[in-house]
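Just below is one structure, and these are the notes that go with it.
Each reported figure results from applying straightforward, stated rules to the coordinates on display, with no laboratory input. Model, not experiment: these values are computed from the prediction. We place every Cβ from the backbone using ideal geometry, glycine too, and count neighbours over all the protein chains shown.
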Amino acid sequence: MAGVDKFGVIFTVAFVAAMIVIMATVLQTDGTFTQSTDSTPTQTYSPPPTQTYSPPPTPQAAPQTSSSDNLKYTIRGGIVDSVSSDENHNAVKIMMDSRLDGQLTITLTSDSVTPFDDGTYFVTVDGEEVEFTQVGKRLTIDFMANSQKIMIFGEGYKSGGHDMSSMGHSEDSKEHEAMMAADKAAADKAAADKAAADKAAADKAAAAAAKAPMAVTIEPVEGSGAPGCEPECYSPSTATISAGGTVTFSNTDMAPHTSTSGTAANGPDGVFDTSLIMANASFDVTLDDAGTYPYFCMVHPWMEGTVIVE
């Protein structure tokens with residue numbers, strides 16, 4: 001009986017060990033189920049890689065660089081069909097096929113277009129005036145998709161050198177309107193400049209005329225030797241001269257007179273005194289300092305006048 005129990009224990013231990021070996025082959029350490037037999041290879045499941053969608057890149061218009069009539073240009077968003085000079089209007093015409101919004105950069109020459117006096121140009125796209133960037137004679141012009149024609153005008157355009165009637169139907173109405181508007185603006189500016197020049201000349205003449213003279217003659221009025229002529233017993237009773245000018249007191253009256261600076265009420269102030277001037281005689285007084293100088297006749301004190309020096 002003891003031998004049988006011992007054999008049973010040994011059998012049980014061997015059976016458990018065998019089962020442990022078998023289970024180890026069935027279960028992997030990472031918990032992934034693996035089916036394994038003597039005739040079937042091991043299969044392991046792996047999920048497919050995640051795919052991320054990327055949109056295709058937006059096509060970019062390749063720049064076209066070329067030259068025509070010695071004019072170098074680069075265009076994006078279109079193709080230049082032709083570049084030609086318009087000598088009648090001092091302009092360059094660029095015909096193109098544009099399917100995208102784009103930009104034309106062109107370098108002009110003095111032979112192709114003569115710029116305005118300030119070195120600038122006037123540009124239209126399909127007859128509409130547009131803004132542009134200019135560096136020297138290189139112009140960068142933006143245009144919209146489906147634009148067909150770019151015109152670059154120079155000096156003769158705004159100054160009216162072109163003949164609008166000769167253009168007839170060769171240009172579209174929008175371009176006609178733009179050209180006429182530019183001519184009107186140029187004419188208005190010329191008229192304004194002339195008006196400003198005329199005004200400046202008139203102001204100069206008025207200033208010269210307004211400037212006080214350097215000489216003046218003062219005479220006693222007829223009959224001033226008796227009271228009754230006041231307050232204008234001298235002619236003129238108030239005279240104006242420029243500083244450094246000369247006043248000539250001429251006695252055309254039969255009675256002798258003086259012209260003495262000061263007033264009859266306060267007496268002479270010592271600036272000038274002609275002394276007694278007889279009939280048909282005169283006396284010159286030069287006044288260098290600006291100011292107002294009253295004077296009177298010491299013989300006939302009711303005779304008073306004023307000299308203003310500017």
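Neighbour counts of other Cβ atoms within 10 Å put S259, S235 in the fewest-to-most order S235, S259. Across the alpha-carbon atoms of the range 215-309, the computed radius of gyration and Dmax are 11.9, 34 angstrom. What share of the DSSP beta bridges in the range 215-309 is antiparallel, in percent to the nearest 5? Given both bridge residues lie in the range 215-309, the antiparallel proportion sits at roughly 70 percent.
Pairs from the table (K72/K189; K149/K194; K137/K184) lying more than 28 angstrom apart at Cα are K72/K189; K149/K194.
Panel order for I308, I150, by other beta carbons found within 10 Å of each beta carbon, from fewest to most: I308, I150. Spatial offset of the range 212-266 relative to the range 96-157 amounts to 74 Å, using the alpha carbon center of each. Arranged from fewest to most other beta-carbon atoms within 10 Å of their beta carbon, E232, E222 become E222, E232.
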